[in-house]
Amino acid sequence: MAILKKYTATFTPTSIKSKQVVEGGKVLVTEVLYRVDAYETANSSNTLTVNEQSLTFDYFSKNTSASDFIEIEDVSDSIVKEWITDYYSTRELELNAFLTYADTGFVSSVSDDVDLTKPYG
């Protein structure tokens, strides 16, 4: 049974891509590129950086008249960082599996799978 490493990560936006939607004329964020800086939680001297990751948004389903809609000119790096952090807040296992791979090259297989009830040992 394989064991994943657990990481503490921060995200730094590097690029925001957008597209103008014909209906309503709004410009929407379609994708953000970002860098992941992380360290192994159990061993803070083990650090890694993963460049050029992307998060894509479904702009077809965005309600541009909603009260929480943010105009493109108001989208800052801190807002994008919050979006990325929110995305991974419910995907900790996915993030740690990805970072374990980036750090060690480990890819789980059928014969050496991760126990999802205790993935970190």
Filter K81/K118; K26/K81; K5/K118; K6/K81 down to the pairs with a C-alpha to C-alpha distance above 19 Å, please. K81/K118; K26/K81; K6/K81
Length-normalised contact order of the chain in % [C-alpha pairs under 8 Å, at least 6 apart]: 33 percent
Spin-label pair K19/D77, simplified geometry with 7 Å Cα→Cβ offset, distance in nm: 2.7 nm
Accessible area of region 2-121 belonging to carbon and sulfur atoms, whole % at 1.4 Å probe: 49 percent
When the chain is fully extended, how far beyond the present Cα-Cα distance does Y88 get from V107, taking 0.36 nm per residue of separation? 4.8 nm
Can you give the relative contact order of region 1-58 as a percent, counting alpha carbon pairs under 8 Å and 6+ residues apart? 33 percent
For region 1-93, report the accessible area per residue in Å² (1.4 Å probe, heavy atoms, rounded to an integer). 64 Å²
Can you tell me the mean projection area, over all orientations, of the convex hull of region 43-84's alpha carbons? Units nm², please. 4.7 nm²
Calculated Rg and Dmax of the chain using C-alpha coordinates, Å: 17.4, 53
Give, in nm to one decimal, the length gained when the segment between E52 and E31 is fully stretched (0.36 nm per residue of separation minus the Cα-Cα distance). 6.4 nm
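The values are calculated or read from the model by the stated rules, or taken from the named source; none is laboratory data. Please read all numbers here as calculations on a predicted model, not as lab measurements. Methodologically, a virtual Cβ is constructed for each residue, glycine included, from the backbone with ideal geometry; neighbour enumeration extends over all protein chains shown. With ligands, DNA and RNA removed, areas are computed over all heavy atoms of the protein, side chains included. Shrake-Rupley method; radii C 1.70, N 1.55, O 1.52, S 1.80 Å.
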